[in-house]
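Structure first, commentary second.
Any read-out appearing in this document is the output of simple, stated calculations on the displayed coordinates, not a laboratory observation. Source: prediction; values computed, not measured. Cβ placement follows ideal geometry from the backbone for every residue including glycine, while neighbour counts extend to all protein chains displayed.
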Amino acid sequence: MSYLIIGNSAAGIGAVEGIREVDTEGEITLISDEPYHSYSRPLISYYLAGKVEEEGMKYRPDDFYEQHQVKTKLGKKVVSVNEAEQQVTLESGEQLEYQQLLLATGGTPFIPPIKEADKKNIYTFIKLDEAKEIASKVEELQLERAVILGAGLIGLKAAEALRQLGVEVTVIELANQVLSAILDEEAAALVQQHLEEQGIEFIFEDTIEEFLGIAEVEGVKLKSGKELRSQLAIIAVGVRPNVELATGTEIEIEQGIVVNQKQQTNIEGIYAAGDVCQGPNPLQNENTVVPIWPNAYNQGLIAGKNMAGESAEYQQNFPRNSIGFFGLSMITAGLIKPEDDSYELLISKCEESKCYQKIVLKDNQIVGFIRLNDVDRAGILTGLLKEGADISKVKSELLSDSFGYISFDEEWRQAKISE
Amino acid sequence: MSLNYRCPEFLVERVESNCIECQACERQCANEVHFYDQDFEKMRAKDENCVNCHRCVVICPTNAIGIRKHPSEYKENHNWTAGMINNIQKQAESGGVLLSGMGNPTKKKIYWDHLLLNASQVTNPSIDPLREPMELKTFLGRKPSKLEFDEEEQIKDLPPQLELSAPIMFGAMSFGSISINACKSLARAASEVGIIYNTGEGGLHEDLRQYGENTMVQVASGRFGVNQDYLEAGAGIEIKIGQGAKPGIGGHLPGEKVGPEVSKTRMIPEGTDALSPAPHHDIYSIEDLRQLIYALKEATDYQKPVSVKISAVHNSAAIASGIATAGADIITIDGYRGGTGAAPTMIRDNVGIPIELALAAVDDRLREEGLRNQVSLVVSGSVRNSADVVKAIALGADAVYIASAALISLGCHMCQSCYTGKCNWGIATQEPELVKRLNPEVGFERAKNLIEGWAHEIKEMLGGMGINALESLRGNRLMLRGIDLTDRELEILGVKLAGE
Amino acid sequence: MKRIYAKEEYCLGCKLCEVYCVTSHSASKDIIKAHKLESITPRLIIESSDNLSFALQCRHCDEADCTRACITGAMQKDEETGVVNYDEERCVGCWTCIMACSFGVIRREQAGKKVIAKCDLCIEEEAPACVTNCPNDALVLAERAEEEGVQ
Ligand SMILES: Cc1cc2nc3c(=O)[nH]c(=O)nc-3n(C[C@H](O)[C@H](O)[C@H](O)COP(=O)(O)OP(=O)(O)OC[C@H]3O[C@@H](n4cnc5c(N)ncnc54)[C@H](O)[C@@H]3O)c2cc1C
Ligand code: SF4
Ligand code: SF4
Ligand code: SF4
């Protein structure tokens, strides 16, 4: 069997490991346009802040490809896929055949239409190369002020890193809260307060209309008319599945490449995993793109196993995030802003210590939760959510400090522990 | 009365340089002695609550704790000892009966310690038990006066016997007075080493039924848990008339200890006091006793030996002779140092006689009357080590019961607070969070080790005497010599003075 | 593989497992120094209520959610020993594994670096310190729970 994997990140590596669990012989080729050993994308903000070195970002040991007998083509871009001929073409013109193909091409940053966006020192922030460039710009410009468009996860991570380097940062956000995808308003307010205490400024319900400056950015003009001085800008308003290679082929695309629980696309022998795909979401009964690292790895792993002939299904395609800013940690998962009152909410809050807990229940099942500044043992909730466990017997304890395995009856507990 | 006139008995000492404030001591002391003081950031202790059970001492991972006798002393007085004074203060406070747990601790002569064993030199060679077979097997029950064999060379009409791999049994301790985990530990140990444990008067818990072959079921004046099924569940039946720690009085298990399990096992309502009357209300004579013995035999088809247990009192010899003629297969005599879960202190410390003297007297009397073969003789009441066992056998016992020693093997540190129900070792308690401190897996192993260790030692002592079967030692008082004993004592014990 | 199982019916809640876990993961390996001079986070969790308590350690899952979630690759399952362990140098303290572990047995290191602390089965010792030192044999290291009579 010959396998071709496009993408050398979480999903791609997951697939290599999945394949090798089943098939130790088959030929694996892995291509990525990034010229690096597989690295941890979330660490680019740590890199920017100077908390990790490039060497420390490696997602797997140096001899990973060798150990797993993977032929790599790093720094090579795939320009097209010919699903009928079962081959792909590289930018160099080189053509490669495959029997099983995995598209693990991740996401591309969405760039909203902004006037004068062709100036220098305007970045997106999803690649190591970008982090490197921004890092050297910070030094080169003795950067004092930066604006960031988007108060999502990536935008705020970038803001934190720059702030830690001593830069004055203003975050501009169209919504009225930070992290609107993973926090409700109350939790967001606490996080915002914390970030403000660290010197980050926010402007909500506004967006950049135009970049100011001659060749290099010198400022931004907002939709509200406000103008801000800034020597560097980062656009982080979202990441879209990088479906480029599938476009124009028979592969089904909605927002992302549509896959089933086995990570198969509609075309036999072609799989997709990670940020590029749109798979069945057990919480919503529909296909969604869930662009998070654990998902990417797991989907890759499942895809790999299926590609190698074992049957495996992924049941965990739901959002869950663990993230922190300036020491304030949060873990959130599932549905956190229920749209109607068929949901039950359990909430506890302690404003002084910036703790906030919210659990969203539907029919006595956990469908979402937020744990802000109180992340210990949050995985127990993730587990219950994943399982769709009936929590009616422990409902009164879900928010308590002592909530744990002890809250359940012995039978349940022993069954879990002995699994 | 706000002021407690008593001085604390113990002082809790903590080596601060060792204490890591893990608070294990705090969590393990049911008497709430230790506590962590937030302000001092240190562990402290309420000395006055300490009963010196050593639980904290043993559990402390850094050996930071020592419990000492409290240094404050009463003015020296051999008559008004600290114990006497404290007792009076207690009663002046409570107006009640003084209660104690475990056996008589007073300073009275312990005859075992005045008996010495013999060993072979030159003329009759000693035997090495590691090289040569050594028989400790013991059968308890009525022995026929003469042996007749059937065609298959089996003894004809042999009355039922209890078979023991060593002459030691675990004494009667009821479920109720001790925890279910203590019961399980002893029952399983008995079954693994091939001896017998005794249910005491508390009935038989379901979980213990599997050890039936190694069980002596007891029938006491309260008749708790007694029915046909119970009688058939064990290997033998024991009628309890008296107990060494409290001769002449009954028993009382307070209602707090009668939880659902105890209630089920004893067949009494939950939360009610379990009262054992002082006498059996159907026994006022040897004839009455005979009726009960035969009722029990009848009920079990003459398949189980029946034992009668009495406490060692002044006329034990005459009573024993009566019991033998009444048809008992085994007589158990419990000496005045015998243990208890709870007894009035005055009775425990002042009523009854030493087991050594009672045993010698009973054995003599039964021999004189030609009854000795009709009954086996079991003694108890502070058999503390294997040498005590050997001395008991030489004095004439067939086997011994051990209870305190068995509990010590399970962790008991002899703080004698059993009656409080707060045994920190999970033994003499019914509180679930204390009971679980005794893991029967651990307990059974320890109790088993004890019996095995003693059995080894007994073999060594026998070998030393040039004897290769315990049977040859029974009643062989020539193997004993007395030391520091008066002529009268030697006469009663039937032994010569060392040097004779 | 062998895992640690708690016999909760015999757990005393004395927390000595924690004390010995800390000692075993200290630099000094000396119980007093470990507690007085170092600051070590226990690798296990003790859950307790009025009369129930038990220690819970990493299950070293065959299909470990934490290793699969870890964003840096710091958390790995050793193929030979089966032990799920983390590389302290590579862990950045993002707590993604805490989010993923449904047993809730991954802790945050309480002092020093922002990294996690979790059971490594005392892989460098002969046996896990908690198991060896449990005063009531309430912790066992066994292939499967049933083998050791854990209900
Ligand atoms: C700053 C930042 C912080 C983040 N933090 C977190 C976090 O804390 N937790 C979390 O769960 N998630 C986080 N994420 C999201 C997480 O990084 C992604 O979900 C994950 O990287 C997706 O992995 P993937 O393998 O699907 O794709 P990607 O990581 O996007 O990798 C796709 C790879 O494919 C390559 N590729 C694409 N097209 C081609 C082509 N045509 N030819 C060759 N190669 C191609 C790309 O260059 C890239 O190397 C973060 C992301 C960013 C940017
Ligand atoms: S158990 Fe020992 S070390 Fe722990 S708090 Fe008590 S005295 Fe200190
Ligand atoms: S009562 Fe026992 S456990 Fe409590 S302090 Fe005294 S010796 Fe220690
Ligand atoms: S906290 Fe450390 S081990 Fe856990 S996921 Fe993050 S980097 Fe990995």
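What is the Cα convex hull volume of chain A when expressed per residue in Å³? Before the final figure, lay out the partial values.
Numbers: hull volume 65.5 nm³, N = 419.
It is 156 Å³ per residue.
Sort B:Asp157, B:Asp273 by Cβ crowding within 10 Å, fewest neighbours at the top. Display every interim value, and only then the final one.
Details: B:Asp157 8, B:Asp273 12.
The order, fewest Cβ neighbours first, is B:Asp157, B:Asp273.
With just the Cα atoms defining each centre, how far is the range B:286-308 from the range A:235-276? Give it in Å.
88 Å
If every alpha-carbon in the range B:283-381 counts as one equal scatterer, what log10 I(q)/I(0) does Debye give at q = 0.15, 0.16, 0.24 1/Å?
-0.61, -0.69, -1.20
Just need the relative contact order of chain A here, percent rounded to a whole number, with Cα pairs under 8 Å and 6+ apart. Walk me through the intermediate numbers first.
Values: 906 pairs, mean separation 64.7, N = 419.
This gives 15 percent for chain A.
If the cut-off is 23 Å between C-alpha atoms, which lysines fall inside it for A:Lys305, apart from same-chain ones fewer than 8 positions away?
By straight Cα distance, A:Lys305 reaches A:Lys71, A:Lys73, A:Lys262, A:Lys386, C:Lys77.
Find which of A:Ala308, C:Asn85, A:Ser92 sits farthest along the positive direction of the dipole of the protein assembly as shown, computed with +1 on the beta-carbon of Lys and Arg, -1 on that of Asp and Glu, about the Cα centre.
C:Asn85
Give me Rg/Rg_expected for the range A:122-237, where Rg uses Cα atoms only and Rg_expected = 2.2 N^0.38 Å with N residues. Provide the component values of the computation, followed by the final result.
Details: Rg = 13.4 Å, N = 116, 2.2 N^0.38 = 13.4 Å.
Cα Rg divided by the expected 2.2 N^0.38 Å: 1.00.
Quick one: if the Förster radius is 41 Å, what FRET efficiency do C:Ser39 and B:Thr420 give, using the C-beta to C-beta distance and rounding to 0.05? Show your work: numbers first, answer last.
On the way: r = 40 Å, r/R0 = 0.97.
Calculated transfer efficiency: 0.55.
Compute the distance in nm between two label points, each set 7 Å from the Cα along the Cα-to-Cβ direction, one at B:Thr486 and one at A:Glu201.
Between B:Thr486 and A:Glu201, the simple spin-label model gives 10.7 nm.
Taking chain B as the reference, fit the longest principal axis to its C-alpha atoms, fit the long axis of helix B:82-94 to the helix C-alpha atoms, and give the angle between the two in degrees, 0 to 90, nearest 10.
70 degrees
Given a Förster distance of 41 Å, report the FRET efficiency between B:Glu135 and B:His314 from their Cβ-Cβ distance, rounded to the nearest 0.05. Walk me through the numbers before you get to the answer.
Values: r = 36 Å, r/R0 = 0.89.
Plugging the Cβ-Cβ distance into 1/(1 + (r/R0)^6) gives 0.70.
Could you pull the Rg and Dmax for the range B:352-428, using just the Cα atoms, both in Å?
Values for the range B:352-428 (Cα only, Rg and Dmax): 15.7, 49 Å.
Run the simple label-point estimate for B:Tyr36 and B:Asn49 please: 7 Å along Cα→C-beta, distance reported in nm.
Inter-label distance under the simple model: 1.6 nm.
For Cα pairs less than 8 Å apart in space and 6+ apart in sequence, what is the mean separation divided by the residue count of the range A:286-348, i.e. the relative contact order in percent?
Values: 39 pairs, mean separation 14.7, N = 63.
Relative contact order for the range A:286-348 comes out at 23 percent.
Before rounding to the nearest 500, sum -39500 (n - 2.57) across all DSSP H runs of length at least 4 in chain A and divide by the residue total; then give [θ] at 222 nm in deg cm²/dmol.
On the way: 9 runs with 93 residues, N = 419.
Computed mean residue ellipticity for chain A: -6500 deg cm²/dmol.
Once every Cα of chain B carries one equal point scatterer and solvent is ignored, give the base-10 log of I(q)/I(0) from the Debye formula at q = 0.13 Å⁻¹, two decimals.
The Cα Debye sum returns log10 ratios of -1.30.
Using alpha-carbon positions, what is the distance between the centroids of the range B:461-483 and the range A:370-419, in Å?
That distance is 66 Å.
Report P(r) for the protein assembly as shown: all Cα-Cα distances, bin width 10 Å, range 0 to the bin holding the largest distance, values in whole percent.
Result returned by the calculation: 2, 9, 15, 16, 14, 11, 9, 9, 8, 5, 2, 1, 0.
How do B:Leu292, A:Leu162, B:Leu395 rank when sorted from fewest to most other Cβ atoms within 10 Å of their own Cβ? It would help to have the intermediate numbers written out before the result.
Details: B:Leu292 19, A:Leu162 25, B:Leu395 30.
Fewest-to-most ranking of B:Leu292, A:Leu162, B:Leu395: B:Leu292, A:Leu162, B:Leu395.
Which pairs, out of A:Lys51/C:Lys33; B:Lys448/C:Lys15; B:Lys90/B:Lys422; B:Lys246/B:Lys304, put more than 21 Å between their alpha-carbon atoms? Show your work: numbers first, answer last.
Numbers: A:Lys51/C:Lys33 31 Å; B:Lys448/C:Lys15 28 Å; B:Lys90/B:Lys422 19 Å; B:Lys246/B:Lys304 28 Å.
Among A:Lys51/C:Lys33; B:Lys448/C:Lys15; B:Lys90/B:Lys422; B:Lys246/B:Lys304, the Cα-Cα distance tops 21 Å for A:Lys51/C:Lys33; B:Lys448/C:Lys15; B:Lys246/B:Lys304.
Hey, could you pull the Cα Rg and Dmax for the range B:45-177, both in Å?
Computed over the Cα atoms of the range B:45-177, radius of gyration and Dmax are 26.3, 77 Å.
Given the options A:Gly75, A:Gly274, A:Gly12, which has the most mean-square fluctuation in a GNM of chain A, springs set between C-alpha atoms less than 10 angstrom apart?
Fluctuation is largest for A:Gly75.
Lysine pairs in the range A:122-237 8 or more apart or on different chains: how many have alpha carbons under 19 angstrom apart? Spell out each step's value before the answer.
Numbers: A:Lys127/A:Lys137; A:Lys127/A:Lys157; A:Lys132/A:Lys157; A:Lys137/A:Lys157.
Value for the range A:122-237: 4.
Just the projected area, averaged over all directions, of the convex hull on the alpha carbon atoms of the range B:10-96: how many nm²? Walk me through the numbers on the way to the answer.
Details: hull surface 29.3 nm².
Averaging across all directions leaves 7.3 nm² for the Cα convex hull.
Show that you can apply the helix-only estimate: for chain B, add -39,500 (n - 2.57) for every DSSP H stretch of four or more residues, divide by all residues, and state [θ] at 222 nm to the nearest 500.
On the way: 15 runs with 147 residues, N = 500.
Computed ellipticity for chain B at 222 nm equals -8500 deg cm²/dmol.
Considering every Cα-Cα pair within the range B:67-133, what fraction, in whole percent, is farther apart than 14 Å?
Working: 1745 of 2211 pairs.
Of all Cα-Cα distances in the range B:67-133, 79 percent exceed 14 Å.
What distance in nm lies between label points placed 7 Å from Cα along the C-beta direction at B:Arg384 and A:Glu55?
7.0 nm
If you project the alpha carbons of the range C:81-134 onto their three principal axes, what span does each projection cover, largest first, in Å?
32, 25, 22
Fewest to most neighbouring Cβ within 10 Å: what's the order for A:His37, B:His281? Walk me through the intermediate numbers first.
Numbers: A:His37 18, B:His281 10.
Lowest count first: B:His281, A:His37.
How large are Rg and Dmax for the range B:330-397 when only the alpha carbon atoms are used, in Å?
Cα-based Rg and Dmax for the range B:330-397 come out at 12.9, 39 Å.
In deg cm²/dmol, rounded to 500, what helix-only [θ] at 222 nm does chain C give when every DSSP H run of at least 4 residues adds -39500 (n - 2.57) and the total is split over its residues?
Values: 5 runs with 30 residues, N = 151.
Mean residue ellipticity, 222 nm, calculated: -4500 deg cm²/dmol.
Taking a quarter of the surface of the Cα convex hull of the range B:240-294, what do you get in nm²? Let's see the in-between values first.
Details: hull surface 18.4 nm².
Here the figure is 4.6 nm², rounded to one decimal.
What whole-number volume per residue, in cubic angstrom, does the convex hull of the C-alpha atoms of the range A:223-375 give? Write down the numbers at each step before the final one.
Details: hull volume 31.2 nm³, N = 153.
Hull volume normalised by residue count: 204 Å³.
So what are the three principal axis dimensions of the range C:1-142 from its Cα atoms, in whole Å, longest to shortest?
39, 34, 31
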